[in-house]
1. Using the alpha-carbon atoms, what tilt in degrees (0 to 90, nearest 10) does helix B:2-29 show relative to the longest principal axis of chain B?
2. Can you classify the stretch B:94-158 as rounded, prolate or oblate using the Cα gyration tensor, where a ≥ b ≥ c are the square roots of its eigenvalues, rounded means a/c under 1.5, and otherwise it's prolate if a/b beats b/c and oblate if not?
3. What residues have an amide H closer than 5 Å to that of A:Ala71, excluding those fewer than 5 places away on the same chain, when H is modeled at 1.01 Å from N in the peptide plane?
4. Hey, what do the phi angles of the stretch A:42-48 turn into as Karplus ³J(HN,Hα) couplings, whole Hz, using 6.51/-1.76/1.60 and θ = phi - 60°, x for Gly and Pro?
5. Which distance in nm do the two modelled labels at B:Glu46 and B:Phe283 give, with both placed 7 Å along the Cα-to-Cβ direction?
6. Check each residue of the stretch B:217-235 and keep those whose accessible area, probe 1.4 Å, is at least 10 Å² smaller with all protein chains in place than in the chain alone; give them in order of residue number.
7. Using the Cβ atoms and a cut-off under 13 Å, what net charge is assigned to the surroundings of A:Ala201, where Lys and Arg are +1 and Asp and Glu are -1?
8. Tell me, what is the per residue accessible area of the stretch A:106-176 in Å², probe radius 1.4 Å?
Amino acid sequence: MAAASNNQPLLEVRSLRVEFPTRRGTLLAVDDVSFDIAPGEVLGVVGESGAGKSLTGNAIIGLLEPPGRVAGGEIRLEGRRIDNLPYEEMRKVRGARIGAIFQDPLTSLNPLYSVGRQLVETIQTHLPLSASEARTRAIELLKEVGIPGAEMRIDHYPHQFSGGMRQRVVIALALCAGPRLIVADEPTTALDVSIQAQIIALLKRLCREHGTAVMLVTHDMGVIAETADRVAVMYAGRIAEIGPVRDVVKHAKHPYTKGLMGSIPSLGVRSERLTQIDGAMPRLTEIPPGCAFNPRCGARGQRCLVERPDLMAAGTTRAACWLHDRGGVGPAVGKETVDA
Amino acid sequence: MLAFILRRLLQSIAVLLAVGVVAFSLFRYVGDPINAMVGQDTTMEERAELRTKLGLNDPAPVQFFHFIANAAQGKFGLSYRTSEPVGRLILERIPATLELSLCAAVFALFVGVPMGVYTGLYPKHWSSRLFQAVSLIGISLPTFLIGILLILVFAVWLRLLPSFGRGETVQIGWWTTNFLTWSGLKALILPSITLGLFQLTLLMRLVRSEMLEVMRTDYIKFARARGLTNRAINFGHALKNTLVPVITVTGLQLGALIAFAIVTETVFAWPGVGQLFIQSVQFSDIPVMAAYLMLIGLLFVLINLTVDLLYFVVDPRLRSQGGTARVAGH
Ligand SMILES: Nc1ncnc2c1ncn2[C@@H]1O[C@H](COP(=O)(O)OP(=O)(O)OP(=O)(O)O)[C@@H](O)[C@H]1O
Ligand code: SF4
Ligand SMILES: [Mg+2]
């Protein structure tokens, strides 16, 4: 697996804040997010739509779309700070040290360039190879991602590939310069259900073989359970819980995670959803004081309405919930969404 | 692909035939060709005889067939005004118009496209805003006014450039060119700018809006995520994806340039086919007008064919689909 001789994490994210200045004040879309990814590790990131998963990923690859910006915190890759690098320096990191895979393979590839040309240009941008060496490498990569007839297919254009095949090409593109980390933002959401599992399995196998770490953003708890080593659960721009995947899935400590895990349709059990979370995640402009989850939380107490919990040790995971603090949640208060 | 080209060729021929009908009708039904050819004192019998001899009593389809057959060989009869063969008149004039239109197109392309790329990449920069504002003027001022203003500044006040005519030209075979003499080149400048300015602003605005659109696409974001250089992204991936609309518009505008050269040629006394056309309108010189019509029709068709073929060069999706998707739309 990973060739890490020391214990230094590959990626360190510390107190990351992402802001959007808008006419009606600044929106804080990612608020005080911290986590590490070890070399070769797969970190799953889950959470409802709008939780800030993609923004966190984009901040790491340095491609936040303006007016969004990193307003605080630090991101370090292999010990080197990358969140404040000049554009040109960060460009050399992207593709070479950090690869990215986006949601829609149908639109990720330039329709006017053959896949070979896109591979070769990426390889040559980052590695000192001649055109023919780069082409050889590109063919090898296409074989590796399971494209039959790679020698011939390399000269084909994106529209000549199916969706699943295109996502394989995208994976080859993300891996072609040998990055240490891949940020994969919902890499299978746009694909046919029948090929999602294949693509995830491929991504997992390749990253294991290459010792590449992955930040895997997905809505699919099943994928996380099968693929990730650790999982981070995001809620309203913050991490609600983070820990080893087994513990988070089986023994969630945060009430929100428990609700999420309840909604995994497990094999054999006929979608008997054990827990369902009422209500919806608040909009960025309406995040309540105290714990952001409190309007939907059945366990909330007085303290949850006024004091914001940070991540704290909760058995084998870390959760942002006063239930795991010595002080507790304070006197109980009813759940709003149920009352209403 | 071959089927597509054949289909396009057939369509082109159909278009040319339609233009032929218009030209023929002009010939046949506007004014009386006999009147134009004979003197006041010709008798009715002589007129009737001439009419028969010229085939003017034949049924219309037969006459049309003869007209097209002659037109295909460049025979449009004699000019009513100068009594010279129309084919030769046009041939003498066409190099002037084509060279002017070519220069205007090159000017519009090589200034308009880079300006469009720039304003598309840096839409908020002050110079982009300036280009945008100036281009609005370029689009709204009529051509003749621009021509007259340029003459006023560069010919009358600064005395840098000539205000009319082609200057010295060099004869190569039947073609006369401006490109080989200093005065010929100088004479090209003002008319080319006048003629090309509108197209320039049009292209700039088109490339700008296409660029803005392309820069938002996922494949540009993914290209950034792959760490490609800005140069490769902006001038490779992005610009190439704006090319299809640019080719379409450039093609159509090239046709328009040749057709609209009429105004510019009049302002600058440029001895091209446009000027010839204006003169023939004043004299009701029907054969010349008909020939001009056919010529413009032919050029439009040729340009459109070229544009269609260029699509195939640019867009691989068309090459494999038989070219029905995008091309059919325009
Ligand atoms: N350009 C923007 N301006 C204002 N707010 C934005 C902008 N882009 C994103 N946001 C906000 O930031 C929040 C987080 O967005 P993000 O895309 O990271 O969510 P996500 O967790 O990836 O959701 P999904 O699962 O739908 O992809 C959302 O609430 C969104 O409304
Ligand atoms: S802190 Fe309170 S409101 Fe928030 S999840 Fe824990 S118990 Fe619920
Ligand atoms: Mg997202």
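The values are calculated or read from the model by the stated rules, or taken from the named source; none is laboratory data. Bear in mind that the values here come from a model prediction, so they are computed numbers and not experimental data. Ideal geometry is used to build each Cβ from the backbone, glycine not excepted, and the neighbour counts take in all protein chains shown. These accessible areas exclude ligands, DNA and RNA; they are computed on the full protein's heavy atoms, side chains included. Shrake-Rupley method; radii C 1.70, N 1.55, O 1.52, S 1.80 Å.
1. 40 degrees
2. Oblate shape, in that a/c is at least 1.5 and b/c is the bigger or equal ratio.
3. Those lying under 5 Å, H to H, from A:Ala71 are A:Arg17, A:Val18, A:Glu19.
4. Whole-Hz 3J(HN,Hα) from phi for the stretch A:42-48: 10, 9, x, 10, 10, x, 5.
5. Modelled inter-label distance: 2.2 nm.
6. Those are B:Asp218, B:Tyr219, B:Lys221, B:Phe222, B:Arg224, B:Ala225, B:Arg226, B:Gly227, B:Leu228, B:Thr229, B:Asn230, which lose 10 Å² or more relative to the chain on its own.
7. +2
8. Roughly 37 Å² per residue, with all protein chains present.
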